[in-house]
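Take a look at the structure below.
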């Protein structure tokens, strides 16, 4: 078990130089925001944009998209055909996606065609639990909470809670990819079965939408060429730091909305980077 600290994170953060442009941030495609759950996809997309994605695409069922409020997203309908030409994108799948035949076919296509950079959360994990999948690509990332991990493994959430580390390793053995188990302490592992622990989270994160924010951050880090395991680690740390900032501002932990968390991501990044990078890296 390895506990992650800020000195570890400083070494992983993406960097820019004077010659950088938007292509250096890579392209993220959030596949979520199905009927009735549009906000989940928007939260993930906002988080990706806030943490460095060069292009943020959102595949959503929202018919009349609020362009004035979110002019920086490139929006697509939730259709299988929209995956064409996006093999090199980082795909974050699941927030508010819905569990339907259409969305199941999207997930099956990603698996069958071996898309290289994929993060699965929320409804995508429910869909995965319904598929007969032996192994996923080793660099894919699954981000379940205890209930979702229970569905993936066919056990109860109470069993997961009793021994989170053991069940985390069991999930990694079953699916063969990177597993991030959300909770009071976030646990992450990959094929080495070394467990990384992130203790930065606070009770403020115990709210719907916080996981969508984490998903967007992970996708943004991967799009910026951070290896998936490290992307999951650094994203979890930044996510927790954002919540800590909310509470340090003397806000009550019951009051934080996911949008409040997103608004604190720039400062969380700044505080980490300011202590680690040369001033020459940044524009004035």
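Which of 100, 189 has the fewest other C-beta atoms within 10 Å, and how do the rest follow up to the most?
100, 189
Can you sort 74, 195 from fewest to most other Cβ atoms within 10 Å of each residue's own Cβ?
74, 195
Please compute one quarter of the surface area of the Cα convex hull for the stretch 22-276 and express it in square nanometres.
13.3
What percent antiparallel are the DSSP beta bridges of the chain, to the nearest 5?
About 20 percent, rounded to the nearest 5.
Could you check the spin-label model distance between residue 161 and residue 135? Points 7 Å from the Cα along Cα→Cβ, value in nm.
Spacing of the two 7 Å Cα→Cβ label points: 3.4 nm.
Using the Kirkwood radius over C-alpha pairs as Rh, can you work out the diffusion coefficient of the stretch 28-88 via Stokes-Einstein at 20 °C, viscosity 1.002 mPa s, in µm² per second?
In µm²/s, the coefficient rounds to 184.
Grab the Cα-Cα distance for residue 35 and residue 74, subtract it from 0.36 nm times how many residues apart they are, and report the gain in nm with one decimal.
My answer for the length gained is 12.2 nm.
Relative to 2.2 N^0.38 Å, what does the C-alpha radius of gyration of the stretch 54-116 come to as a ratio? Two decimals please.
Output field value: 1.16.
Suppose the chain between residue 114 and residue 99 were pulled fully straight at 0.36 nm per residue; how much longer would it get relative to their current alpha carbon spacing?
Going from the current span to full extension adds 3.3 nm.
Could you tell me which of rounded, prolate or oblate describes the stretch 1-148, using a ≥ b ≥ c as the square roots of the eigenvalues of the alpha-carbon gyration tensor, with rounded for a/c under 1.5 and, failing that, prolate when a/b is larger than b/c and oblate otherwise?
oblate
Please give the direction-averaged projected area of the C-alpha convex hull for the stretch 102-214, in square nanometres with one decimal.
Its average projected convex-hull area is 7.0 nm².
By counting other Cβ atoms within 10 Å of each Cβ, how are 274, 264, 50 ranked from fewest to most?
274, 264, 50
Extending each Cα 7 Å along its Cβ direction at residue 270 and residue 87, get the distance between those two points in nm, one decimal.
4.1
Here, each number is a calculation from the coordinates, and none is a lab measurement. Nothing here was measured: the structure is a model prediction, and the numbers come from that model. FYI the Cβ positions are ideal-geometry reconstructions off the backbone, even for glycines, and counts take in every protein chain you see.
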